[in-house]
Each structure stands twice: as structure tokens, then as C-alpha cells.
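Enquirer: Mind looking over this structure? Questions follow.
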Amino acid sequence: MPELPEVETTRLGILPWIVGKKIKKVIIRERQFRWKIQDDLEKKLEGKKIQSIKRRAKYLIFDTDYGSAIIHLGMSGSLRIIKDTEPPNKHDHVDFLLNNGMGLRLHDPRRFGSLLWTKDVSSHFLFLKLGVEPLSEDFTETYLNLKAKKRRIPIKQFIMNAHIVVGIGNIYASESLFHAGINPKTQTGCISRKRFSILVKSIKNVLESAIKAGGTTLRNYYKTDGDPGYFKQYLYVYGRKGKPCHICKRKISSITIGQRSTFYCKNCQH
Ligand SMILES: [Zn+2]
């Protein structure tokens with residue numbers, strides 16, 4: 001599943017091909033996504049110039065001279081740059097063809113993603129209740145400390161709550177807690193400010209290094225074999241149950257928190 005770093009890497013990868021270009025034609029071969037694509041989306045976008053591509057949580061926002069398209073990649077979605085003559089493969093559901101002979105193609109086998117249009121992103125229902133961006137200056141230990149007061153939930157569930165902070169999926173939650181030395185079961189209200197400060201740094205580092213790792217795959221956004229180009233990165237705990245901890249060599253443990261599998265080192269995380 002594309003997580004925040006993959007979405008950000010996608011944004012950086014497609015940006016140079018697309019910003020400043022006009023959308024000549026929109027081809028929609030399948031409208032049934034998480035939400036049905038609105039009937040007049042083609043009309044809303046054709047002839048418009050793409051001014052910028054922004055990211056909020058795991059949404060990509062394509063601002064045009066009038067309105068914005070919002071894309072979410074869901075469980076299995078990917079975007080890539082094509083030549084406008086390239087025939088579609090299976091699950092290539094949407095193309096934005098541009099005025100430079102290129103295009104942007106949305107591929108999504110499971111169709112849990114979405115493509116929406118709005119006149120005003122700031123008031124769109126998707127964004128109203130979202131927490132802060134983890135890589136922004138708003139995400140600090142002061143903020144976490146304030147939100148954590150009186151909460152009695154495991155810290156892992158807390159940092160995965162999009163009303164608190166967006167875009168920290170299961171993999172990155174486990175990895176960040178490992179690097180911060182915090183047991184994922186620890187009750188949020190019991191964590192000191194100092195430990196929150198370490199956790200904030202650790203979350204930012206884990207996400208930033210994943211984005212950096214993804215940077216080496218940027219060329220994959222323009223290729224023809226349909227591989228989404230997601231990247232593997234070096235994981236310390238996630239998916240490593242029973243394997244030796246990279247720091248202390250003891251076995252990595254696995255438990256379930258909030259119905260999500262959680263990996264940690266009992267020795268390194270308290
Ligand atoms: Zn360890």
C-alpha cells in the first residue's frame with residue numbers, strides 16, 4: 001500500500017513532467033472507485049493548466065487555474081508518466097493527456113483509491129478533520145504532549161490516528177517507535193515530554209529517509225512496464241518477527257494493537 005513517503009515520492013517524480021502543462025484530454029475508462037468519479041470531471045479539467053501538485057496526508061492535489069483534482073492511491077494505486085499514444089493495460093483506469101504529447105496515467109487494480117474534483121480544497125470534507133503534517137513545523141513535542149493529555153491508548157494507536165497526525169501508517173509507526181526506544185503498548189498519557197521530543201524526531205527521520213530512498217527510483221515514473229516503482233527500505237522491526245534485532249540481537253516480538261500487527265524489540269523498547 002502506498003504510504004506517505006511513496007505518495008511524496010510520486011509527487012516529486014511526476015511534478016517536473018506536469019506542472020505548467022495544459023490538460024488536453026481526460027480519458028476515464030472506469031468510474032467506480034472508492035467514490036464514483038463525477039460525470040463531468042472531464043469537462044472540469046480539460047483545457048485547464050496544472051499550476052502545482054501539492055500533498056496533504058496521502059492525497060495528491062492537482063491545482064488548476066480553476067479548481068483542483070484530488071487523487072488518493074488507495075491500496076494499490078499508482079501514477080506514472082506516459083507518451084499519449086501508449087495503449088492502456090489492464091487496470092489503467094484514467095489518463096490525463098497533456099499538451100506536450102505526454103500524459104499522466106492512474107493504475108489501480110483494487111480501485112480503493114479516488115479521483116475527485118473541488119473548487120475549493122480548503123473547505124473540502126476530506127481535509128476538514130485532518131491532523132498536522134508530520135514533516136511540518138507544526139508537528140512538535142509540544143503539540144503531541146497537548147494532544148496526549150488524559151489519553152489512555154497505546155502510543156502506537158495514537159500516532160496512527162489521522163486526527164492527531166496524518167500519514168503515519170503501520171510500517172512507519174512500528175519503525176519510529178523502535179528508533180525512539182518506546183514500547184508500542186505504552187499508554188500515551190504516561191509518556192514524558194522528553195520522550196515525545198525523541199519520538200517526533202524519530203518519526204521525521206524515518207519518513208524523510210524513506211522519501212530519500214524513494215528518490216533513487218524517481219526515473220521509474222516514466223517507464224512502460226507498469227511497475228508502480230514502490231521502494232523497499234531498510235526495516236528494523238516491521239515484518240521481522242522472530243528475527244534478531246539489528247541493535248541487540250534478541251528476537252523481534254509481534255503483538256496486535258488496534259487490530260494491526262505491531263513489531264518491536266522487548267529489549268530496546270520500554
Ligand atoms: Zn533490540
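Enquirer: For Y234 and R260, what is the calculated FRET efficiency with R₀ set at 30 Å and r taken between the beta-carbons, to the nearest 0.05?
Expert: Working from the Cβ atoms, E equals 0.90.
Enquirer: From the phi angles alone, apply the Karplus equation (6.51, -1.76, 1.60; θ = phi - 60°) to region 106-114 and give each ³J(HN,Hα) in whole Hz, x where the residue is Gly or Pro.
Expert: Result, rounded to whole Hz: 9, 10, 7, x, 8, 6, 8, x, 8.
Enquirer: What is the Cα centroid distance between region 5-45 and region 102-132, reported in whole angstrom?
Expert: 9 Å
Enquirer: Under 5 Å between amide hydrogens, which residues at least 5 positions from G74 or on another chain qualify, with H placed 1.01 Å from N in the peptide plane?
Expert: S114
Enquirer: Also: Too long at a 30 Å Cα-Cα cut-off: which of K156/K251; K21/K156; K212/K249; K54/K149?
Expert: Over 30 Å apart, Cα to Cα: K21/K156; K54/K149.
Enquirer: Once phi is turned into ³J(HN,Hα) by the Karplus curve 6.51 cos²θ - 1.76 cosθ + 1.60 with θ = phi - 60°, what whole-Hz value does each residue of region 82-88 show in order, with x for glycine and proline?
Expert: Computed from phi, the couplings for region 82-88 are 10, 7, 5, 8, 6, x, x Hz.
Enquirer: Working from Cα positions, state the angle (0 to 90°, nearest 10) between the long axis of helix 4-18 and the longest principal axis of the chain.
Expert: On a 0 to 90 degree scale, this one is about 30.
Enquirer: Length gain on complete extension for the stretch V121 to S136, per 0.36 nm per residue less the alpha carbon to alpha carbon distance?
Expert: Once the chain is fully extended between V121 and S136, it gains 3.5 nm.
Enquirer: With +1 assigned to the C-beta of every Lys and Arg and -1 to the C-beta of every Asp and Glu, and no other charges, what is the dipole magnitude of the chain about the Cα centre in debye, to the nearest 20?
Expert: 1220 debye
Enquirer: Ignoring chymotrypsin sites (Phe, Trp or Tyr not before Pro) that are buried or in helix or strand per DSSP, and keeping those with at most 13 other beta carbon atoms within 10 Å, what is the longest stretch of the chain between them?
Expert: Formally, the longest exposed-site-free interval is 67-233.
Enquirer: Same structure, new question: Give me the percent of the accessible area of the chain that comes from carbon and sulfur atoms, probe 1.4 Å, all protein chains in place.
Expert: C and S fraction of accessible area: 52 percent.
Enquirer: Just name one of N267, S176, L45: the one whose Cα is farthest towards the positive end of the charge dipole of the chain (beta-carbon charges, Lys/Arg +1, Asp/Glu -1).
Expert: Toward the positive end, the furthest listed residue is N267.
Enquirer: Would you mind checking the tilt of helix 170-180 against the longest principal axis of the Cα atoms of the chain, expressed as 0 to 90 degrees and rounded to 10?
Expert: Relative to the chain, helix 170-180 is tipped by roughly 40 degrees.
Enquirer: I would also like to ask the following. Beyond a 24 Å Cα-Cα separation, which of these cross-linked pairs lie in this structure: K48/K119; K36/K119; K119/K201; K147/K204; K24/K83?
Expert: Check vs 24 Å cut-off fails for K119/K201.
Enquirer: Write out the trypsin sites (Lys or Arg not before Pro) in region 75-114 meeting two conditions: DSSP loop, and at most 13 other Cβ atoms within 10 Å of their Cβ.
Expert: Sites meeting the loop and neighbour criteria: K90, R110.
Enquirer: In percent, how large is the relative contact order of the chain, given Cα pairs closer than 8 Å and 6 or more residues apart?
Expert: 18 percent
The values are calculated or read from the model by the stated rules, or taken from the named source; none is laboratory data. Here the structure is a predicted model, which means the values were calculated and not measured. Heads up, the Cβs are rebuilt from the backbone with ideal geometry, glycines too, and the neighbour counts pull from every protein chain shown. Calculation scope for accessible area: heavy atoms of the full protein, side chains included, ligands and nucleic acids excluded. Shrake-Rupley method; radii C 1.70, N 1.55, O 1.52, S 1.80 Å.
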